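The values are calculated or read from the model by the stated rules, or taken from the named source; none is laboratory data. Computed from a predicted model, the values in this text were never measured in an experiment. Ideal geometry is used to build each Cβ from the backbone, glycine not excepted, and the neighbour counts take in all protein chains shown. To get the accessible areas, we keep the full protein, side chains included, count just its heavy atoms, and leave off ligands, DNA and RNA. Shrake-Rupley method; radii C 1.70, N 1.55, O 1.52, S 1.80 Å.
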Amino acid sequence: MADEVRPESGVLVIRASGAATALAALVAGGGATPSTGHVQLVLRATLPRRLPTEVRKLTVPGCTVEVSDGALVLTVAAHRLSIDFAELAPLMFQQVPVDRSLEALCSSAVAHLLAAASRPDVIDRTGAAHHLTGLVELVVRSALSAELHRADTAAARYREAVDYVNRHLTDPDLTAERIAEALFISRRRLYQLFDDGDGISGRIRRMRIDRAKELLADPTRGSHGIAELAKLCGFVNAAHFSRTFRRIVGSTPSEYRDSVAEVHRGDQPAEDG
């Protein structure tokens, strides 16, 4: 089997063969589907033991299905698919979660087709090609719909988490556990939402520093001491606030306030006389 791909159960891999096909699949807004090349689906397959070894591969016009070592490979000519490559791009060349029931349906359909294909007088090759193309469309569209739903849900959860942090920035006891409980998700799921290098703790810290910069730049708060501003931004004390601010911004809170005030003074129009 090509490239010896052995996906785990519940995982789908979608690939493209042919330079133009692969490029169209990878480039944003991939454009028109190429007239050459193939789209290939690889997923786990559970087939009956009684299925003869010699009928574990079937080639019909524009399509091929092959089973080996528990992996199922469905290959279809790119131009046969009705789905645009711009839609297909989010799924290409990565492991995509697929529902086990869809995986089982695909395995069952392929098993019955291969069994029937052992008798050439039973299966029409053109009809089999349409059947396999439809099966590929079913799997791809179902996986794409589920992936878009997951992405949309993740984006909504991310916004909810950021909103919650914004509303509770002044609380020094704000933790990932509290945020997860408020959103009714696990801490693991919360960490996944903020899997951008800084994590949820880093995001809270940066949001607090952004809030501090706003307060330090506000001339109406010029009389507020650093300790008071630290409290308004959720830091446990002024020393912790100053250390964190300097590490992220490159200056102390007092230095930042003075530099902003200097800029404001320079922007003031000169008085007449």
Open item on the list: List residues of segment 241-262, by number, whose backbone nitrogen lies under 15 Å from a label position 7 Å along Cα→C-beta of residue 227.
Closed with: 241-242
Open item on the list: Could you work out what % of the accessible surface of segment 183-273 is carbon and sulfur, using a 1.4 angstrom probe and leaving DNA, RNA and ligands out of the count?
Closed with: 47 percent
TODO: Would you mind classifying segment 100-140 by shape? Square roots of the alpha carbon gyration tensor eigenvalues, ordered a ≥ b ≥ c; an a/c under 1.5 is rounded, otherwise it is prolate if a/b is larger than b/c and oblate if not.
DONE: oblate
Open item on the list: So if I place +1 on the C-beta of Lys and Arg and -1 on the C-beta of Asp and Glu, and nothing else carries charge, what would the dipole magnitude of segment 54-127 be about its Cα centre? I want it in debye, nearest 20.
Closed with: 160 debye
- [ ] Run through all the Cα pairs of segment 178-263 and give the fraction in each 10 Å bin from 0, expressed as whole percent.
- [x] 17, 42, 25, 14, 2
TODO: Keeping all protein chains in position, work out how much accessible area residue 260 exposes to a 1.4 Å probe, and write it in Å² to the nearest 10.
DONE: 20 Å²
